[in-house]
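The values are calculated or read from the model by the stated rules, or taken from the named source; none is laboratory data. All values reported here derive from a predicted model rather than from experimental measurement. Note that each Cβ is placed from the backbone with ideal geometry, even for glycine, and that neighbours are counted across all protein chains shown. The area values use the complete protein model at the heavy-atom level, side chains included, leaving out ligands, DNA and RNA. Shrake-Rupley method; radii C 1.70, N 1.55, O 1.52, S 1.80 Å.
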Amino acid sequence: MEQINASIGFDKNLWKQDIQGSIAHAEMLAKQKIISEADKNSIHQGLREIEREIQSGQFEFSRALEDIHMNIEARLAERIGEAGKRLHTARSRNDQVATDFRLWIRQNIDELIPMINHLMLTLASRALEYAETAMPGFTHLQSAQPVTFGHHLLAYTEMLNRDRGRLIDARRRLNENPLGAAALAGTSFPIDRQLTSKLLGFDRPMANSLDAVSDRDFALEYLSALSIMSIHLSRMAEEIVIWCSSPFSFIQLSDAYTTGSSIMPQKRNPDAAELVRAKVGRISGALTGLLTVMKGLPLAYVKDMQEDKEQVFAATETIILCLAACSGMIADLKANQDNMAYWAGSGFSTATDLADWLVKELELPFRTAHHVTGKIVSYAETHNLALENVPLQKMQEIEPLINNDIYSVLGVQSSLASRTSEGGTAPKNVRKSAKIWIDKLKDIS
């Protein structure tokens with residue numbers, strides 16, 4: 001029973017928040033004359049001494065005391081006597097843990113945001129560097145249209161900006177104070193929940209005591225935001241793996257982010273990227289685990305909810321590692337620009353440009369232009385020619401109105417330069433977008 005019941009093995013991670021919440025609670029109790037000023041001062045002093053003990057590694061956590069709350073409270077009573085036993089007046093471990101957990105997630109969101117900003121800035125900086133570097137754009141992992149490498153990198157900046165926004169939104173919603181809900185019904189003591197909310201940096205007290213102790217939406221929303229972000233990082237890592245592979249050879253990573261083979265001396269394996277790709281399972285698994293815990297729980301607090309924290313702690317540790325690894329790899333990579341440019345023109349990637357020219361210059365309906373382009377591509381494929389090498393005479397046999405100007409749009413660089421629509425891949429668009437992101441991020445990363 002002790003082994004299954006105790007949570008101190010993992011909820012000791014909440015020690016800082018537990019002390020923070022207890023100091024605020026004692027301050028409020030004294031102001032409301034529920035405890036004396038002398039007792040409050042003793043409690044504050046004792047909690048600060050316990051804080052130093054934990055920081056120095058001298059604190060002995062006891063499984064017999066079950067959780068972080070009882071461990072700290074018992075040690076406080078040892079240090080200051082009867083005053084320490086007054087601290088738990090007008091609160092329960094139910095509202096205490098809900099408060100601690102919200103504070104912990106809030107703190108970690110505040111620490112994750114700069115890491116996301118740093119990765120976004122790294123992507124934007126490399127995007128500016130490679131604003132004119134042609135590469136094949138893919139659909140279905142088939143060569144589709146030329147894009148720039150900078151444009152591709154900026155796509156991940158946009159994804160991460162949404163991830164950042166989800167965490168900011170989650171922080172705003174979680175920033176309500178459960179403390180004072182007590183076990184589930186509130187308390188008869190004349191407490192001031194507005195004061196504890198102010199002392200702990202919450203926007204307001206939670207409005208319903210049952211909801212305050214039983215809600216874990218904030219943890220689910222946090223894990224959901226981490227899961228989506230981990231998917232984005234996994235997609236980025238997957239592309240790094242593909243780009244590093246010999247058939248592609250679009251980029252190189254240094255030895256800092258690759259490993260060798262035990263028997264093949266020529267190998268340089270992108271293990272950091274592969275591990276980022278794999279770790280999404282830990283984070284999305286944490287979300288699934290907590291969803292499963294919460295799905296059938298009656299109000300208010302039940303012991304099942306002790307299973308809410310390990311997944312959150314592990315997912316947070318994992319996403320921090322993945323963000324650091326991705327920032328390092330993006331800063332480290334070197335693009336093989338000639339190889340990218342060669343493959344950017346493969347697979348008749350400027351066929352859409354040909355069709356667009358037929359619409360704009362010859363005023364053909366798009367479906368007609370699409371049909372004409374298909375015939376020209378078929379001829380080029382049969383004769384093993386790039387589109388820009390198809391003789392004008394052959395194109396005119398398919399569509400007599402085609403003239404020599406067609407060749408102005410069939411090259412990769414011409415294609416890239418023409419994609420000037422908002423959000424398009426034209427180098428001038430990429431430079432503008434990258435500079436906007438760099439200006440936004442350089443002072444906050």
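Numbers at a glance
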item: Between 0 and 90°, nearest 10: helix 427-441 axis offset from the chain longest Cα axis; result: 10 degrees
item: Size of electric dipole in the chain: Cβ of Lys, Arg +1 and of Asp, Glu -1, about Cα centre, debye, nearest 20; result: 600 debye
item: Nearby lysines by direct alpha-carbon distance to K375 (threshold 19 angstrom, same-chain neighbours under 8 apart not counted); result: K360, K394
item: Fluctuation leader among S408, S62, S421 - the chain, Gaussian network, Cα springs under 10 angstrom; result: S421
item: Assigned charges on the beta-carbon of Lys, Arg, Asp, Glu; the stretch 1-89 dipole about Cα centre (debye); result: 260 debye
item: Non-local Lys pairs in the stretch 1-89, i.e. 8 or more apart or on different chains, that have alpha carbons under 21 Å apart; result: 7
item: Over the stretch 7-123 - Rg/Rh using Cα atoms and the Kirkwood inverse-distance radius; result: 1.06
item: Kirkwood hydrodynamic radius over Cα pairs of the stretch 144-186, then Stokes diffusion coefficient at 10 °C and 1.306 mPa s, in µm²/s; result: 114 µm²/s
item: Listed residues F313, F248 arranged by accessible area, highest first, probe 1.4 Å; result: F248, F313
item: Nearby lysines by direct alpha-carbon distance to K432 (threshold 17 angstrom, same-chain neighbours under 8 apart not counted); result: K440, K442
item: Solvent-accessible surface (1.4 angstrom probe) belonging to I105, in square angstrom, nearest 10; result: 0 Å²
item: The stretch 16-73: GluC sites (Glu not before Pro) falling in loop per DSSP and having at most 11 other Cβ within 10 Å; result: E60
item: Protection-proxy order for peptides 143-151, 94-102, each taking the mean of Cβ atoms within 10 Å per residue, highest first; result: 94-102, 143-151
